[in-house]
Structure formats: C-alpha cells, structure tokens
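Take a look at the structure below.
The values are calculated or read from the model by the stated rules, or taken from the named source; none is laboratory data. Computed from a predicted model, the values in this text were never measured in an experiment. Using ideal geometry, Cβ is built from the backbone for each residue, glycine included, and neighbour counts are taken over all protein chains shown. Protein only, heavy atoms only, side chains kept; ligands, DNA and RNA dropped before computing areas. Shrake-Rupley method; radii C 1.70, N 1.55, O 1.52, S 1.80 Å.
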Amino acid sequence: MTIIDPYLIDEIKNYSTSDFNVSACFNCGNCTAICPLSDDADPFPRNLIRYASVGLKEKIVGSDQMWLCSYCNDCSDTCPRDAEPGEFVMAARRWAMGQYDVTGISRFINQNRFGSFFLMGFVAIFALILLNLLGSPENIIDGRPVRLFDLVSKEIIEIVGIGIALILLLIIGFSILNMYRQVSKEYDPNLQNGVKIAYNTRKTDKKLNTTYHLLFSPFIMVKQAFVVIFKEVFLQYRQLECALPPHRPEFKSQFLRTRWLMHLLILWGFFGLGIATTLNMFLKPDANQFVEITYPIRLLGIISGISLMVGVIMAFSSRLRKDSRYASHSLTCDWLFLTNLFLVGLTGFLITLTYYITSIPSIWGYWFFVIHIIAVMELMVLAPFGKFAHVWYRAFGLWIHYGLQARKNKLDIALKREKARKKKARAAAKATKAA
C-alpha cells in the first residue's frame, strides 16, 4: 500500500540552503523539456517534483533518476514559476542519502548547521588523543633528514588508518545495500519502465522471465560497473554533456566546462594521493628513508596534491563569488569538506617543502605532519556522510540506471525474437494446414 507523506517537501527543505518553492509548480514540463540529459524514458526532474508534491516518499527514495542530474540549472533559470527545480533535486539527493545512511550521521550533519563542526571537532580531539597515547614526541630530533615517523610509527598509522577505513567501508556498504533495496522496490524484475511485461506460460517465456532474477544480469552488472567508474567518475562525462548543447549561451557553457575541469582536478588529485599513499605503504619498507624528489611515487604525490589544491581553490573562488545558482547554495558541510581537502593537499605540500628545503626549520615539518594526519582522518570520517558521499551514491545510482537500460534493451531484443519466432511458427502451421 502506498503511504502519502504530506510533509515531505518541508522535510526535504531541511536539506537545502535555498527556499525552493516546488509547491508553485503547475507541472508545465519546462524543466524536463530543457534538460540536456532528460529523455522520454527519464522525464526528470518533473516526475520527482510531482512525487514530492503528492508526498510519494518511496518513489523519490527509490528513484535512480535523481542521480542523473549534473546541476547545470537550466531548469531553474527558465522555470516560469521560479520553483528552483535544480536546487530541489540537490536537496532531494541529500535527503535520500539521509534515508539510506544506516547510522543517522548524514541526517545530523546535513540538517544541523553546526553538525559538521561537532563531528570534525570530535574527530580532531580523538586524533590528538591517539597521537598523544601512541606517538613518541621524545624521539624527535631537530635535524636532517626530517624523520616524520619517529613522531608516530608507520605501523601504528597503518593499523589505525586501515581499521577506520574498514569500519567506514562497512557503513558505506550497508548504506549502499539499503539504497539497492529501496530502488529494487521500484524495479521489480517483471517491470519494464513501470509496465508489467505479459508473459504466457510457454517454456521459452518462463526461461526468458527467470533470466532476470536480479535487477539485471551479473554480466551486465560487471560491464556497467566499468562504464560508470571510467565514464562517470573519472571523466565526469555527464557534466561535460551539460556544457555542450548549442542552445546555451557561451558564458554559461564556459562556466560549466570550468566546473567540469574543477571536478576532474579534485577527483584525480584525491585518487592520485590515495594511490601514492598505498604504494608508499607497500614499496617503501623504511618510512624515514630519504628519497629524491624525482622518485616516481613522490612525483605522483606532488602532482596529485597540486591538482587537488588547484581544483579546491577553483571551487572556493566560485562559491565566494557566487557566480551561478550552483555556487550560491552551499551547506556548512560543503565548506568544511572543501577546507579539509585543501588542508590535506596543503600540509602534504608543506611537508614536502620542509623535507627538501634545508632552510626551513625541520620542527615545522612535524607540526605540518600532525595537522595532515588530523585532516586526513576527518576527511575519512566525513566520506560516508557529507559532500564526498555523493561519489559513492551517485556512482551506484548511475550503475543501476545504466544496468536497467541495458536490461531493457536486452529484454526488448529477446521479446522481438520471441515474437518473430511465434509469427514464423504460425506461418509454418498455416502453410502445413493449407497443404
């Protein structure tokens, strides 16, 4: 039985900095018509606004279409009722993330202005306590080379880091599983675009039906996972698509291309630093061993750190100038996430400078190292709940969407073949009867 929630729009508004007014929407369909990513099979954001207006909570939380939006804001710029459908979709995403999150922390930091400050303060205190209990500041020698891991051993950092990462991966895994369950309710294996496929009782039809006991077949699942990771995560292809339509003014296309580049720099920088850290863990047994700046892993870390900082500076600049609707709506957790990212890149860069430039007091390197550890830990803890959680949820939502598209195409082909087979069988039977 469908349950109506008359306060759904008010609940979603708690996840937004903009007082969007989708109640003013008269369902004209302009938002869907102008969206460069929408089509007949995916009529968003119009359908999502309609679901919210009538209180269909399960329809929104079970939708994969909200993750298709790249927030170009064409819909909000041209809405005749100023309903701000673009901001509504972003708020609906944060709200949906809160519904999927099994811990409730996502709801806490997205709805409360000081929620992120509280969480980050708690993590910083926890990190300082760990450093005090497990570190060895008495081993620090003000000299060269800088031996950062005399302050706290590499083994301790690895054990604590891996432990925290496993806990967070478990939380992300259960939250993603919760998302899968919610979306599965909207996509029964016998449903195709919301319409039940009429199968008869023939053996061939039963075989066709039972092929898709999951949302889509295992082969399609693996294939589409690679498509999403490469195309949507590492290339941010949908954001680039939004910048390409010829009808859009050049200044807005330029802004969207810049935003696409900003996201690429941040993502590539972040993942590059993660790869460099992992390689260091396994390929550099002596953590305090001096390496030249041309050492490949060190070069990867430096380039990735610069990429990350440039991307974050671009994001800060855009949000401070409020040069678009996209940049004018920011939650506290968004600012803190960007600040953490910048601190991770900046402190890593400063540690490198202290490591190679002998005129910088070596003691500074240890202070930068402490700040770096705290920033990394806070970034890790915020990953399943704040702004960065979009990476996991959006990638999974797009994976489901592409998989369902592939499944639909495969079903269409199979049904056409079955129809052709039946037609051929009827023609053969007719010819036999005539003979």
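Quick one: how many residues across segment 371-387 are of a type outside the set (K, R) and part of a loop (DSSP other than H, G, I, E, B)? Break it down into steps so the answer makes sense when it comes.
Residues of segment 371-387 of a type outside the set (K, R): 371-386.
Retained after the next criterion (residues that are part of a loop (DSSP other than H, G, I, E, B)): 383-386.
Here the count works out to 4.
Just one of the numbered conditions (1) more than 30 Å from G104 (Cβ to Cβ); (2) in contact with a helix residue (DSSP H, G or I) (Cβ under 8 Å, 6 or more places away or on another chain) is not true of Y356; which one?
Only one criterion in (1) more than 30 Å from G104 (Cβ to Cβ); (2) in contact with a helix residue (DSSP H, G or I) (Cβ under 8 Å, 6 or more places away or on another chain) is unmet by Y356, namely (2).
Is it true that some residue in segment 347-358 is under 27 Å from I159 (Cα atoms) and touching a Lys or Arg at 6+ places or on another chain (Cβ under 8 Å)?
Among the residues of segment 347-358, at least one is under 27 Å from I159 (Cα atoms) and touching a Lys or Arg at 6+ places or on another chain (Cβ under 8 Å), which makes the answer yes.
Please go through segment 278-310 and pick out each residue that is within 19 Å of K154 (Cα to Cα), open to solvent by 70 Å² or more (accessible area, probe 1.4 Å) and of a type in the set (A, V, I, L, M). Let's see the steps before the verdict.
Initial filter on segment 278-310 (within 19 Å of K154 (Cα to Cα)): 278-291, 297-298, 301.
When the remaining residues are screened for being open to solvent by 70 Å² or more (accessible area, probe 1.4 Å), the result is 282-283, 285-286, 289-290.
Correct list: L283 only.
At least 3 residues that are at pLDDT 70 or above and either open to solvent by 60 Å² or more (accessible area, probe 1.4 Å) or among the small types (G, A, S) (or both) in each: list the helices (runs of 4 or more DSSP H) lying fully within segment 158-250 that qualify. Quick ask: steps written out before the conclusion?
Values: elements: 203-210, 218-227, 237-242.
Qualifying helices (runs of 4 or more DSSP H): 218-227.
Being touching a helix residue (DSSP H, G or I) at 6+ places or on another chain (Cβ under 8 Å) and of a type in the set (D, E), is that true of even one residue in segment 152-163?
yes
Which of the residues that make up segment 330-369 are at pLDDT 85 or above, within 19 Å of G386 (Cβ to Cβ) and open to solvent by 30 Å² or more (accessible area, probe 1.4 Å)?
W335, T339, F342, L343
For segment 384-412, name all the residues that are within 22 Å of L346 (Cβ to Cβ) and surrounded by fewer than 20 Cβ atoms within 10 Å (Cβ to Cβ). Write out each step before concluding.
Of segment 384-412, the ones within 22 Å of L346 (Cβ to Cβ) are 386-388, 391.
Result: F388, V391.
Mind listing just one residue for me: the one in segment 311-329 that is polar (S, T, N, Q) and open to solvent by 30 Å² or more (accessible area, probe 1.4 Å) and, of those, farthest from the chain's Cα centre (by Cα)?
The extreme case among them is S317.
Inspect all residues belonging to segment 335-346 and state whether any of them is in contact with an Asp or Glu (Cβ under 8 Å, 6 or more places away or on another chain), farther than 19 Å from T17 by Cα and not small (G, A, S). Even if it seems obvious, please write down each step before you answer.
Here is the first cut: in segment 335-346, the residues in contact with an Asp or Glu (Cβ under 8 Å, 6 or more places away or on another chain) are 340.
Now drop any that are not farther than 19 Å from T17 by Cα, which leaves 340.
Filter once more, so that each one left must be not small (G, A, S): 340.
Within segment 335-346 (the criterion being in contact with an Asp or Glu (Cβ under 8 Å, 6 or more places away or on another chain), farther than 19 Å from T17 by Cα and not small (G, A, S)), the answer is yes, since at least one residue qualifies.
Take I360 and decide whether it is part of a helix (DSSP H, G or I) and either over 22 Å from C69 (Cα atoms) or of a type outside the set (S, T, Y) (or both). Don't jump to the end; show me each part of the working.
Values: part of a helix (DSSP H, G or I): no; either over 22 Å from C69 (Cα atoms) or of a type outside the set (S, T, Y) (or both): yes.
So I360 fails the test.
Looking at (1) without any contact (Cβ under 8 Å) to a residue 40 or more places away in the chain; (2) open to solvent by less than 30 Å² (accessible area, probe 1.4 Å); (3) of a type in the set (F, W, Y), which is the one condition that is false for F118?
(2)
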